[in-house]
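Novice: For reference, the structure I am asking about is given below.
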Amino acid sequence: MTLQSQSRGDCLYFYLAGELDECTVKKTREDADRIIDEHAGLSRAVFNLTGVRFMDSTGIGFLIGRYNKLKKYGIKMFLENPNLSADKVLSVSGVYSLIPKI
């Protein structure tokens, strides 16, 4: 799993690529949390999932955890461009009721 980020205006973009599962989530979580802490003054965060080839329940936990962290800073979170498989997992799990897809 690779994680890249970019801030533009008042929005922080995360670009995830690879597999978001139990083997990769610890480092990805640490990196994302550090980046969130560094950009605490922004108003939106968008997680682009175009490059995510596989995601299991650990990936869902990762996203919900980042949602909760961002919420403490008053930053709204959105999901963008999940592939068909990830989109199905996110839909069935109800994640979109917390974190909107744009």
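Nothing in this text is a laboratory measurement; each read-out follows from the coordinates by a stated rule. This is a predicted model, so every value here is computed, not measured. Cβ sites come from the backbone with ideal geometry, for glycine too, and all protein chains shown count toward neighbours.
Novice: Please go through segment 43-98 and give me each residue that is of a type in the set (Lys, Arg), under 22 Å from Glu30 (Cβ atoms) and not in a strand (DSSP E or B), ordered by number.
Specialist: Answer for segment 43-98, where residues must be of a type in the set (Lys, Arg), under 22 Å from Glu30 (Cβ atoms) and not in a strand (DSSP E or B): Arg66, Lys69, Lys71, Lys72.
Novice: Just checking, does segment 23-40 include any residue being closer than 17 Å to Pro100 by Cβ and either among the small types (Gly, Ala, Ser) or not in a strand (DSSP E or B) (or both)? Steps first, answer last, please.
Specialist: To start, the set of residues in segment 23-40 that are closer than 17 Å to Pro100 by Cβ comprises none.
No, every residue in segment 23-40 fails to be closer than 17 Å to Pro100 by Cβ and either among the small types (Gly, Ala, Ser) or not in a strand (DSSP E or B) (or both).
Novice: Can you tell me which residue in segment 23-43 is farthest from Lys69 (Cα to Cα), limited to those that are among the charged types (D, E, K, R) and touching a helix residue (DSSP H, G or I) at 6+ places or on another chain (Cβ under 9 Å)?
Specialist: Narrowing segment 23-43 to residues among the charged types (D, E, K, R): 26-27, 29-31, 33-34, 37-38.
Applying the additional criterion that residues be touching a helix residue (DSSP H, G or I) at 6+ places or on another chain (Cβ under 9 Å) yields 29, 33, 37.
Working: Arg29: 11, Asp33: 8, Asp37: 9 Å.
Ranking the qualifying residues of segment 23-43, first place goes to Arg29.
Okay, residues lined up against (1) free of Cβ contacts under 8 Å to residues at least 40 places away in the same chain; (2) loosely packed, with under 14 Cβ neighbours inside 10 Å; (3) farther than 12 Å from Met1 by Cβ:
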{"site": "Lys27", "(1), (2), (3)": "yes, yes, no"}
{"site": "Asp37", "(1), (2), (3)": "yes, yes, yes"}
{"site": "Ala40", "(1), (2), (3)": "yes, yes, yes"}
{"site": "Lys72", "(1), (2), (3)": "yes, yes, yes"}
{"site": "Lys76", "(1), (2), (3)": "yes, no, yes"}
{"site": "Asn81", "(1), (2), (3)": "yes, no, yes"}
{"site": "Gly94", "(1), (2), (3)": "yes, yes, yes"}
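Novice: A follow-up question, please. Within segment 44-70, take every residue that is more than 25 Å from Gly9 (Cα to Cα) and not hydrophobic (A, V, I, L, M, F, W, C) and give me the one that is surrounded by the most Cβ atoms within 10 Å (Cβ to Cβ).
Specialist: Gly59
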